[in-house]
Amino acid sequence: MATGSDILDELEDEKLLIITPDYMLEKYSFLRRIKIDWEFRIPYGIIYANKPDEKMRLFIETVSQIVRRTENIVNHRALT
């Protein structure tokens, strides 16, 4: 049976991503994440390898841009 560590090793080796709670990043320093602060009680983020391949890098860039735009819209609405 695979352990959590085995699964995260595979994540890095295969250049995959997962959505996970913040505490996972503290335990696995070889992973990176983009914080996504939704209106849930537990903030989640996307965790990916420190050296993502080109497809993953483009995906992460796109998600980051969407998150920033969304935060700007939310902040703007809060001010009006």
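Of note:
- Pairs with Cβ under 6 Å, 6+ apart, first in segment 22-48 and under 13 Å from residue 8 (Cα atoms) and basic (Lys, Arg), second modelled with pLDDT of 75 or more and loosely packed, with under 12 Cβ neighbours inside 10 Å: 32/50
- Filtered residue count, segment 35-76, keeping only those that are farther than 17 Å from residue 7 by Cα, hydrophobic (A, V, I, L, M, F, W, C) and modelled with pLDDT of 75 or more: 7
- Output for segment 1-19, where each listed residue is within 22 Å of residue 69 (Cα to Cα) and either modelled with pLDDT of 75 or more or surrounded by 17 or more Cβ atoms within 10 Å (Cβ to Cβ) (or both): 17
The values are calculated or read from the model by the stated rules, or taken from the named source; none is laboratory data. Model, not experiment: these values are computed from the prediction. Glycine gets a Cβ as well: all are built from the backbone with ideal geometry, and neighbour counts include every protein chain shown.
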